[in-house]
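In what follows, a structure is listed as structure tokens, so that the remarks can point back to it.
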Amino acid sequence: MTGSTRSLTGQDIAALLLRLALGTMFIAHGLTKLLVWTLSGTGAFFASIGLPAWLAWPITGLELVGGALLILGVRVRWVALILALELVGASIPHIANGWMFSSSGGGWEYPVFLAVTALALSCLDGGRLSLSGPAGQHSSLNDRSS
């Protein structure tokens with residue numbers, strides 16, 4: 001079907017919505033670590049829960065760059081998978097605080113939900129409305145395959 005246009009599918013729209021929501025959330029969390037808590041404050045928190053303080057820098061960078069890549073739709077499958085793993089790690093300090101994130105110290109519901117959402121996005125990939133397109137290939141609204 002050279003030159004034909006294909007309609008967007010529900011999967012394309014779902015991938016776009018998940019990419020935009022998760023990407024925005026990761027950028028917001030990265031900016032909070034950078035601008036509100038500062039990297040040294042984030043590092044101090046990490047140290048207080050038994051993690052190396054220097055992890056504040058790569059985690060903040062991962063959230064900022066990963067969020068931007070999700071929004072743009074670049075290598076969505078791999079970026080979302082890496083961010084899902086980061087969220088699993090972020091859930092661990094909250095397990096003892098109970099389920100609800102509104103609990104003192106924050107429960108594990110929110111980071112686990114986001115980890116599962118990122119994993120679901122990894123399974124969907126970026127959809128046709130992404131720079132990389134399905135399976136890491138460039139795509140647009142026009143189907144250029146024969």
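The values are calculated or read from the model by the stated rules, or taken from the named source; none is laboratory data. Owing to the predicted nature of the structure, the values given are computational and were not obtained by experimental measurement. Cβ atoms come from the backbone with ideal geometry, glycine included; neighbour counts cover every protein chain shown.
Suppose the filter is free of Cβ contacts under 8 Å to residues at least 60 places away in the same chain, farther than 21 Å from residue 31 by Cβ and of a type in the set (Gly, Ala, Ser); does residue 130 pass it?
Answer is no for this residue.
Does residue 127 satisfy being modelled with pLDDT under 95 and buried (at least 17 other Cβ atoms within 10 Å of the Cβ)? Against the criterion (modelled with pLDDT under 95 and buried (at least 17 other Cβ atoms within 10 Å of the Cβ)), residue 127 qualifies. Do the conditions hold for residue 52, that is, is it at pLDDT 95 or above and more than 15 Å from the chain's Cα centre (by Cα)? So residue 52 passes the test. Among the residues of the stretch 85-94, some residue qualifies, meaning at least one is among the hydroxyl-bearing types (Ser, Thr, Tyr) and either part of a helix (DSSP H, G or I) or at pLDDT 95 or above (or both).
Scanning the stretch 80-117 for residues that are touching a residue at least 40 places away in the same chain (Cβ under 8 Å), closer than 19 Å to residue 28 by Cβ and aliphatic (A, V, I, L, M) yields a total of 3.
Look at residue 63 and say whether it is charged (D, E, K, R), over 17 Å from residue 132 (Cβ atoms), touching a residue at least 12 places away in the same chain (Cβ under 8 Å) and in contact with a His (Cβ under 6 Å, 6 or more places away or on another chain). Yes, satisfied. Filtering the stretch 13-43 to residues that are assigned to a helix (DSSP H, G or I) and farther than 25 Å from residue 129 by Cα leaves 31, 32, 33, 34, 35, 36, 39, 40, 41, 42, 43.
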